[in-house]
Amino acid sequence: MSASTRWSLVALVALVGVVVALLTTFGDSGDGSGDPTAAPTVPPAGAPGAPPIGGPPADEPHTVVDAGTRATADLPACRDSAAPATTTGPVAGLMVRCMDDGSTTTLGKIQAGKPMVVNMWAYWCEPCRRELPAIQDAAATLGDDVRVVISHTDPSETKGFDTLGALGIDELVSVSDHDEELPTVLGAPPVLPLTLFVRADGTVAHVLVQPMDSEQDVLDAVAEHLGVTA
């Protein structure tokens, strides 16, 4: 089954996100005359240098980032080789490519016995781009208590890598799920963003099928599903 078929529903999600963003923009005069108690407008998900948003391209080729480009990003290491891997649970053995150095490893080695959050995203998904900064902020607040991982669920690692750079996402453990296997393993619906909450023992606590729009949304979800508070 092609990527465009598997993720056909995501195009609709992306379109809705764009419409909401446009309505927000046109509904605000920009002169401060609106409701002073209203929440600030979320910054646009578009960024110079980022690939365009939209729907999943049909038959997108697999691409891998070259070593020189990886070195310029200075992404955090995927795993601590001294820490024992999580070996139980449905996703422990799933192979992914680490964006920091191009090596392959398992989600179990990345988890290493800690509660884990895995956010599945794609460069072309507008709600995903809006969610990533909130996840990065929450990960900084949570510190070492939770492993927070973002998994680019698309064949083009290159476009995912370019998007992270354009959005300033450089403090999150980032992996590529080239073959889009993780949603299949979970039996999850074909929508993005999708967030997986995994207990320290490797069991899946919850699969969230809606975006988290703020750092507090992420922290609240971690507290609810993993019992970890910041």
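Here are a few things to note about the model shown:
- Among (1) at pLDDT 95 or above; (2) open to solvent by 30 Å² or more (accessible area, probe 1.4 Å); (3) farther than 26 Å from HIS62 by Cβ - the single one LEU219 does not satisfy: (2)
- Among the residues listed as ARG70, ARG79, the single one being among the basic types (Lys, Arg) and part of a loop (DSSP other than H, G, I, E, B): ARG79
- Residue identified as farther than 17 Å from GLU157 by Cβ and of a type outside the set (Val, Ile, Thr) among PRO61, PRO133: PRO133
- Neighbours by Cβ (under 7 Å, 6+ apart or cross-chain): first from segment 203-230, within 19 Å of GLY89 (Cβ to Cβ); second assigned to a loop (DSSP other than H, G, I, E, B) and open to solvent by 30 Å² or more (accessible area, probe 1.4 Å): THR203/GLY89; VAL204/GLY89; VAL204/PRO90; ALA205/ARG199; LEU226/ARG199
- Conditions (1) outside any loop (DSSP other than H, G, I, E, B); (2) within 21 Å of THR63 (Cβ to Cβ); (3) open to solvent by 10 Å² or more (accessible area, probe 1.4 Å); number of the one not met by ASP179: (1)
- VAL148, sole failed condition from (1) under 20 Å from GLN210 (Cα atoms); (2) hydrophobic (A, V, I, L, M, F, W, C); (3) open to solvent by less than 10 Å² (accessible area, probe 1.4 Å); (4) within 10 Å of the chain's Cα centre (by Cα): (3)
- Search result, residues across segment 136-157 that are within 19 Å of SER103 (Cβ to Cβ) and in a helix (DSSP H, G or I): GLU157
- Subset of segment 105-135 [more than 22 Å from ASP201 (Cα to Cα) and outside any helix (DSSP H, G or I)]: TRP121, ALA122, TYR123, TRP124, CYS125
- Of residues in segment 190-201 being out of contact with any Pro (no Cβ under 8 Å at 6 or more places or on another chain) and outside any strand (DSSP E or B), the one nearest to PRO127 (Cα to Cα): VAL191
- Condition check for VAL207: surrounded by fewer than 19 Cβ atoms within 10 Å (Cβ to Cβ) and not polar (S, T, N, Q): yes
- Against the test of being out of contact with any Gly (no Cβ under 6 Å at 6 or more places or on another chain), within 21 Å of LEU75 (Cα to Cα) and open to solvent by less than 10 Å² (accessible area, probe 1.4 Å), the options LEU167, LEU196, LEU172 yield a single qualifying residue, LEU172.
Residue-by-condition table, conditions (1) under 22 Å from MET212 (Cβ atoms); (2) of a type in the set (S, T, N, Q); (3) buried (at least 16 other Cβ atoms within 10 Å of the Cβ); (4) at pLDDT 95 or above:
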site: PRO52; (1), (2), (3), (4): no, no, no, no
site: THR72; (1), (2), (3), (4): no, yes, no, no
site: ALA85; (1), (2), (3), (4): no, no, yes, yes
site: LYS109; (1), (2), (3), (4): no, no, yes, yes
site: ASN119; (1), (2), (3), (4): yes, yes, yes, yes
site: TRP124; (1), (2), (3), (4): yes, no, yes, yes
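The values are calculated or read from the model by the stated rules, or taken from the named source; none is laboratory data. Just so you know, these numbers come straight off a predicted model, no measurement behind them. Every residue, glycine as well, gets a Cβ built from its backbone with ideal geometry; the counts of neighbours run over all protein chains shown. Side chains are part of the model used for accessible areas, which takes the heavy atoms of the whole protein and leaves out ligands, DNA and RNA. Shrake-Rupley method; radii C 1.70, N 1.55, O 1.52, S 1.80 Å.
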